[in-house]
1. Of a type in the set (V, I, T) and in a loop (DSSP other than H, G, I, E, B), is that true of T324?
2. Give A315, A280 a once-over and let me know the one that is farther than 21 Å from G227 by Cα and free of Cβ contacts under 8 Å to residues at least 40 places away in the same chain.
3. How many of the residues in the stretch 276-328 are closer than 30 Å to L381 by Cβ and either at pLDDT 95 or above or charged (D, E, K, R) (or both)?
4. Among the residues of the stretch 165-176, is there at least one that is in a loop (DSSP other than H, G, I, E, B), surrounded by fewer than 21 Cβ atoms within 10 Å (Cβ to Cβ) and of a type in the set (S, T, N, Q)?
5. Within the stretch 186-198, is there a residue that is touching a Lys or Arg at 6+ places or on another chain (Cβ under 6 Å) and either farther than 19 Å from A309 by Cβ or at pLDDT 95 or above (or both)?
6. Does A357 satisfy being in a loop (DSSP other than H, G, I, E, B), more than 30 Å from S131 (Cα to Cα) and more than 15 Å from the chain's Cα centre (by Cα)?
7. Right, G145: surrounded by fewer than 24 Cβ atoms within 10 Å (Cβ to Cβ), at pLDDT 95 or above and not acidic (D, E) or not?
8. Please find, within the stretch 275-284, the residue that is surrounded by the fewest Cβ atoms within 10 Å (Cβ to Cβ) out of those that are under 18 Å from the mean Cα position of the chain (by Cα) and not in a helix (DSSP H, G or I).
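The values are calculated or read from the model by the stated rules, or taken from the named source; none is laboratory data. Nothing here was measured: the structure is a model prediction, and the numbers come from that model. Cβ atoms come from the backbone with ideal geometry, glycine included; neighbour counts cover every protein chain shown.
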Amino acid sequence: MTNTPSNTIRPFQIDVAQQRIDDLRRRLAQTRWAQPVVGDFSHGQALPLVKALASHWLDGFDWQAQQARLNRVPQFVTEIDGQTIHFMHVKSQRPGAFPLILTHGWPASPAEYLDLIGPLTDPGAHGRDDSIAFDLVIPSLPGMGLSSPLAAEGWDAIRTAAAWDTLMKRLGYQRYGAQGADAGALVTRELGILAPRGLVGVHMQQVFAFPSGAPGEMEGLTPFELGGFQKLDSFQRYAGYADIQSKRPGTLAYGLVDSPVALLAWNAELFYGFEGENAASVDRDRFLTHVALYWFTGTGGQAAEFYFANARSGAGYRELPNPTPTAVAVFPDDFRSVRRFVERSHSHVLQWTEMPAGGHFANETHPVLVADDIRRFFGDLLRQARGGSSAAD
């Protein structure tokens, strides 16, 4: 028997056995439904929505078609720091394409970025200047979906950021950029703080920076920024999932890996909104693709460990100096980052965009806005570098 070196990169294809698909269908068909005290969203995800999603998963969702679509994207696995890491790796045909690592959020997967792959790797085919093109690396977060099983505790955003730098260097990329949303934004922020050699810039869709209580810090905030505090209040009122995943992920895991409807309802909290307000914008098949990846890998509970690890270390929220050139894209129907708060620790915020539309999962609902903002930021950095000044200065 030949031992495979841990740093080997191996091609990967998703292949879910029919027996496991049949088991999922049986479980869905035999769901023991909750008896809600109220019929609305005030106590949790409403029964009509969850029943509709479960029905679509059982009778309308084509996993084989989604699996085939995912498998059309080149995928690989490797081992970093003892952990299996799955990633998509899509190279542009444009000479000199710039390497970019994209990190998804919870409860999503690399499928979150499917609609950005074309505009970023082949911009000319999408009506964009093809002088700015990217090689894309899109990993699965440790313990989420295909980067499993989770080999150890402690895989917070800090450890993940260091692993991402190892991954990019292992792929031969000595200079690269990073982008992330939600959990991916926490990892990308930590990459900026780490500032490894060769990291040119970071682009984030959220920077979770909050009022410190300092005198006068709320004075002069824009109406857009002030409006974001209403959304923050709503999040703090309803976001029980964050508290539970940060404190007791192991107890939660039993339900998430045994009941597909429990996993479905739990993961709907963030996608569909605490009051179902995002229902019209969510692509059900894409949402169920994420859920199915967690289900078939049995990682609904392990995914929650990311929150637990971050709560222990403060990862993703630490206000340590980030010297890396930074871009922030703020979407109106999402947590609205406040530039004044962000700049307390980010010393090189070079691009700040208040988007005209979009929310927490803008990569799926408004991919053109996200792709164009990424292109603008890294395009400017690369042009500066070609002009003789270092983008990292």
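1. yes
2. So the residue among A315, A280 that is farther than 21 Å from G227 by Cα and free of Cβ contacts under 8 Å to residues at least 40 places away in the same chain is A280.
3. Going through the stretch 276-328 one residue at a time, the tally reaches 16.
4. Looking through the stretch 165-176, at least one residue is in a loop (DSSP other than H, G, I, E, B), surrounded by fewer than 21 Cβ atoms within 10 Å (Cβ to Cβ) and of a type in the set (S, T, N, Q).
5. Pass one, the stretch 186-198, residues touching a Lys or Arg at 6+ places or on another chain (Cβ under 6 Å): 198.
From what's left, either farther than 19 Å from A309 by Cβ or at pLDDT 95 or above (or both): 198.
Yes, the stretch 186-198 has at least one match.
6. no
7. Working: surrounded by fewer than 24 Cβ atoms within 10 Å (Cβ to Cβ): no; at pLDDT 95 or above: yes; not acidic (D, E): yes.
Criteria not met by G145.
8. It comes out as D283.
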